[in-house]
Amino acid sequence: MAGTTTHVLDNETGNPGAGMRIDFSVFEDGAYRLVKTVHTNDEGRTEGMILTPEETKVGQYELLFHVDDYYRAKGTDLPDPPFMEKVPVRFSVFDTQRHFHVPMLCTPWTCTTYRGS
C-alpha cells in the first residue's frame, strides 16, 4: 500500500500519544507550505492517511509534531521554555509505489523517529 502515515507513542507513559497536533507540509519553491493539520486519535494514529496513494508525489515533506502542547494539555510540568517544543521531521518520498510510515516516539525530554512499515 502506497501513501504516508504516522502515529505517536508517548514513551513517558507507554501509551498512545492521543490528541497530538501534527502539521503536514510540502517543500515547494524553496519553502515548506502547510498542507493540513491533523490530530491523533485515542490510538495515537491519525484518522486517515497523511498522504493517500493518489496524492503521493516524489518530493520533500515535513511533519511538525506539537510535543510541547501535547504534554502541557496532559498537565505535565514543563520548564519555560520546554526542552522539546515543536519537533519537525523532514523526509523524502522517493518512490510513489512504496508506503512511508513516519512514527514519533516522545517524552518531554527526547524524541525519535524512523521509517516504519
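Which net charge results when you count Lys and Arg as +1 and Asp and Glu as -1 among the other residues whose beta-carbon is under 12 Å from that of TYR32? If you can, show how the numbers build up before the last one.
Values: positive: ARG33, ARG90; negative: ASP23, GLU28, ASP29, GLU62.
Every neighbour counted, the sum reads -2.
Pick from LYS86, LYS57, LYS74 the residue whose mean-square fluctuation is largest in a GNM of the chain, springs joining Cα atoms under 10 Å.
Residue with maximal mean-square fluctuation among LYS86, LYS57, LYS74: LYS74.
With springs only between Cα atoms under 10 Å apart, run a GNM on the chain and tell me which of GLY19, GLY30, GLY75 wobbles the most.
GLY30
Set Lys and Arg Cβ to +1 and Asp and Glu Cβ to -1, take the dipole of the chain about its Cα centre, and tell me which of LEU9, TYR71, PRO81 lies farthest positive.
LEU9
Could you give the size of the charge dipole of segment 11-117 about its Cα centre, using +1 on the Cβ of each K and R and -1 on the Cβ of each D and E, expressed in debye and rounded to the nearest 20? Each step should come with its number before you reach the end.
On the way: 11 positive and 16 negative charges, 42 e Å.
Around 200 debye, computed over segment 11-117.
Restricting to DSSP H runs of at least four residues, report the calculated mean residue ellipticity at 222 nm for the chain, -39500 (n - 2.57) per run over all residues, nearest 500 deg cm²/dmol.
About -1500 deg cm²/dmol.
Note down the Stokes-Einstein diffusion coefficient of the chain in µm²/s, whole number, using a Kirkwood radius over alpha carbon pairs, 25 °C, and 0.890 mPa s. Spell out each step's value before the answer.
Numbers: Rh = 14.5 Å.
It diffuses with D of about 169 µm²/s by this estimate.
Give the share of C-alpha pairs in each 10 angstrom bin for segment 23-63, from 0 to the last occupied bin, in whole percents, shortest bins first.
26, 52, 20, 2
Since every read-out is calculated from the coordinates, none of them should be taken as a lab result. Since the structure is predicted, the reported quantities are computational estimates derived from the model, not experimental observations. For neighbour counting, all protein chains shown are included, and Cβ atoms are generated from backbone atoms with ideal geometry for every residue, glycine included.
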